[in-house]
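What follows is a short report on a single structure.
The values are calculated or read from the model by the stated rules, or taken from the named source; none is laboratory data. Note that the structure is a prediction, hence the values are computed from the model and not measured. Here the Cβ positions follow ideal geometry from the backbone for every residue, glycine too, while neighbour counts run over all protein chains shown.
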Amino acid sequence: MENILQQIGIENYIYLSALLFCVGIFGVLYRRNAIVMFMSIEIMLNAVNLLLVAFSTYHQDAEGQVFVFFSMAVAAAEVAVGLAILVAIYRNLNNIDIDNLKKLKG
Amino acid sequence: MNTLIAIAGLGIICLIAEIFNLRKAIVPVTIIGLLAVLGLNVAEYNELTQLAPGSKRAFYNNMVVSDFYGVAFSGLFIVLTIFLVALSPDFHKERKAKLSDFVAIKLFLLAGAIAMVSFGNLAMFFLGIEVLSIALYVLAASEPKNIKSNEAGMKYFLMGAFASGILLFGIALIYGATGSFDTSAIFDVAITGNEPEWFFIGIVMLTVGLLFKIAAVPFHFWAPDVYEGSPALTTATMSTLAKIAAMAAFFKLMRSMNYQVPGSYITIISIVAILSMTIGNLTALKQTNVKRMLAFSGISHAGFMLMVFFNPPAMGDILFYYAAAYAIAGIAAFAVVLYVCGNKGNEEIHNFNGLGKNNPLMAAVLTCALLSMGGIPILSGFFAKFFLFNEVLHTGHIAIVIVAVINSIISIGYYFKLILAMYTQDATGEKQPVPIMYGAVAVISILINIAIGLYPSVLLDLL
């Protein structure tokens, strides 16, 4: 039986991940709500996870899948810290619009 | 390897000490513990010297590799962390209850930094860089009531997570091209020359991610805001420990993955280096906030350090010497900044007026630290630049050395702005006593700086 990865082709997986990654990047660049920006960063990281798993199957090698666990754990820790910062901002400003954060310039 | 485990253990002990109400003992115990870890590190170094030259010891399926480069940088990071921990109790004296958290986070940050220079596998490298970054996000936002600190933390978090995403995509592409995360396996594929195009895209994305972390132009825009908004001790951590850790990891990664760096890559690196030096120095000239000025100074130093990529096999020791000179001068400068601006609430230059009369010792330390960063002889910063330029001249890149020398001259301009304020202006506030730790750290670090300036071979011969 033919492998599903060979039928679809590894290039298409790379294109899909790159597309998802770009969706994440544009989300970070264009949205002004901090929660949506966090979501976009998660999309970027998940695009990478998809790519890692695809390559892992392509090479018939489990290392890539193990790396995905690392990257998930790190993403969870990162978002925990990010949300804590967001709560601190909300307590000071009563909103989470990034545009209100412009005290620092020079 | 043992160093890494011992430091993580020390961090946990710090957190447990808080439970048993041993708050007073935390800082002394941590400093003694870090000195013990430094001894462990020296022992690890001695074990390496008994092996054949150039060999390395691998642990856990090549996950952690200890070689001269990694062990030497680990030693430097431990020394810097000792200074940073010693500065903590006076800096956080209004929030004593949180002291164990601050110290523990600094220790975990150190564990991340050491993982970044002793990795043998990209998974370890990624974990190291994330442990370091997440610890810094927390430290940057560690004054929850202060909106500036919130803003700095948020900006740093968004930029850092964004950069981590790009870096991770690069790692995934490199894995796809070579089928392994192991740097030596990647190196074996890279020298055959028949890797797919993704490999180079991966290298470029990895480079972009790391240029973000070391704050090189054009990826520097977060640095001034984050440096200004963060608590001053966090700024000291970022501009010394975090910057040189990222730089050392960048260099190690590039050296271990593609030995023969292609010409187009060198072109990109030299453009980034020139832009970093020039934009960093020119923007620093018009800053009135000391933290912001040191942020731009850090950007220009990142540009100088990037010049080591012209000849990676020969430049490891020079990068180490430059990083040591820059970071130790930075610690001395920040110890004085902490003393002067501790209860002022801002870090404007006019706070330093009359320091030369009020407190000649601290003024002298700050002057020496700034002159070392600017590159004035007998201080180690001069020798660092001298060795760097000398080695770059041997590789034939004369134009970039000329730009670098011009930039060194420009940098004297803004360092002297602060020195003139200390010695020629009259004091505005009254004299305040120097907390003993600030004074001790400032004096010891500036003495180390002068010592490694007088005996540069001590550090250069380490690797």
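So is B:Ala327 at pLDDT 95 or above and in a helix (DSSP H, G or I) or not? Judged against the criteria, B:Ala327 is a match.
Here's the yes/no breakdown for (1) of a type in the set (A, V, I, L, M, F, W, C); (2) on the phi > 0 side of the Ramachandran plot; (3) in contact with a helix residue (DSSP H, G or I) (Cβ under 9 Å, 6 or more places away or on another chain):
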position: A:Ile8; (1), (2), (3): yes, no, no
position: A:Glu42; (1), (2), (3): no, no, yes
position: A:Ala47; (1), (2), (3): yes, no, yes
position: A:Leu51; (1), (2), (3): yes, no, yes
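Scanning segment A:78-94 for residues being within 7 Å of another protein chain (Cβ to nearest Cβ) and under 13 Å from the mean Cα position of the chain (by Cα) gives a total of 1. Within segment B:143-165, is there a residue that is outside any helix (DSSP H, G or I), without any contact (Cβ under 8 Å) to a residue 40 or more places away in the chain and facing another protein chain (nearest Cβ under 7 Å)? Yes, segment B:143-165 contains a residue that is outside any helix (DSSP H, G or I), without any contact (Cβ under 8 Å) to a residue 40 or more places away in the chain and facing another protein chain (nearest Cβ under 7 Å). In the set (1) crowded, with 24+ Cβ neighbours inside 10 Å; (2) in contact with a Gly (Cβ under 8 Å, 6 or more places away or on another chain); (3) within 9 Å of chain A (Cβ to nearest Cβ), B:Ala249 fails one condition alone, (3). Residues of segment A:61-77 that are within 9 Å of chain B (Cβ to nearest Cβ), free of Cβ contacts under 8 Å to residues at least 12 places away in the same chain and not small (Gly, Ala, Ser): A:Asp61, A:Glu63, A:Val66, A:Phe70, A:Val74.
Looking across B:Ala104, B:Ala135, one residue alone is more than 7 Å from chain A (Cβ to nearest Cβ), surrounded by fewer than 24 Cβ atoms within 10 Å (Cβ to Cβ) and assigned to a helix (DSSP H, G or I). It is B:Ala104. Of all the listed residues (B:Val208, B:Val217), the sole one being surrounded by fewer than 24 Cβ atoms within 10 Å (Cβ to Cβ), part of a helix (DSSP H, G or I), touching a residue at least 24 places away in the same chain (Cβ under 8 Å) and within 22 Å of the chain's Cα centre (by Cα) is B:Val208. Among the residues of segment A:24-49, the ones that are surrounded by fewer than 15 Cβ atoms within 10 Å (Cβ to Cβ) and in contact (Cβ under 8 Å) with a residue 24 or more places away in the chain come to 3 in all.
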